[in-house]
Amino acid sequence: MDNVKNDELKSKLALLFKDERLKKLIIILGIGGIVLLFLSTFFTCDSGSSETGDAAKLGSVENLEGYKEQIESSLCEVISKIDGAGKTEIFLTLENGSEKVYALNNKASSSDNDDSADESSEAQYFTVRASDGSEQGLLLKILEPQVRGVVVVCQGGGDSIIRERVLEAVTKALDISSAKVCVTKLSQQTEE
């Protein structure tokens, strides 16, 4: 049964390869595929780096400043849309830089002697070997920098209702306590 199917397949393939145009098309497609494979070695994507995307950029001071500015501008945009808040300026301080959390393998051992019990533990990082042979720790996640405080200066900051709305928006957006937020009125000199 299998021999019959194989013979039919061979005869159909033989008929296809007798056509000169089809042979040329197959050869051209084969050469095109080889060329594409060759070109792909020159144009490599850098997405396979040791850390991913924007999270990797948070480690440096200059990009930490960019992170801070991004939060400030997002907050400013949202708060200025609150009814009565008006023109808004925001100053944000961060507790520290980003924190990288690596995978750990904790080994604990204990031994009982007649007089005392000895316990010891050993922590060892999991490592990953890259294609170039280098080893790096297995990065689980990158924790965002903690917000130390926020100062919101807006035109409506003198009104207690608007101040409360702004305070609630900031505390909810950043998941921080109200003790870390100051909302005040924009001075007349800066309004102009």
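Bear in mind these aren't lab numbers, they're just calculated from the coordinates by the rules spelled out. Predicted model, so just to flag it, every value in this text is computed and none were measured. Every residue, glycine among them, receives a Cβ derived from its backbone with ideal geometry; neighbour counts consider all protein chains shown.
Sticking with the crude label model, points 7 Å out along Cα→Cβ, report the distance from Leu39 to Lys107 in nm, one decimal please.
Roughly 5.1 nm, to one decimal.
Order the peptides 10-20, 88-98 from the highest to the lowest mean number of other Cβ atoms within 10 Å of their residues.
Descending packing order for the listed peptides: 88-98, 10-20.
Once both labels are modelled 7 Å past Cα along the beta-carbon direction, what's the Glu99-Phe126 spacing in nm?
In this crude label model, Glu99 to Phe126 measures out at 2.0 nm.
Per residue of region 178-183, what does 6.51 cos²θ - 1.76 cosθ + 1.60 with θ = phi - 60° give for ³J(HN,Hα)? Whole Hz please, x for Gly and Pro, Karplus curve as stated.
Result, rounded to whole Hz: 5, 5, 8, 10, 10, 10.
Around Lys180, with a cut-off of 12 angstrom between Cβ atoms, what is the net charge of the other residues, counting Lys and Arg +1 and Asp and Glu -1?
Charge balance near Lys180 sits at -1.
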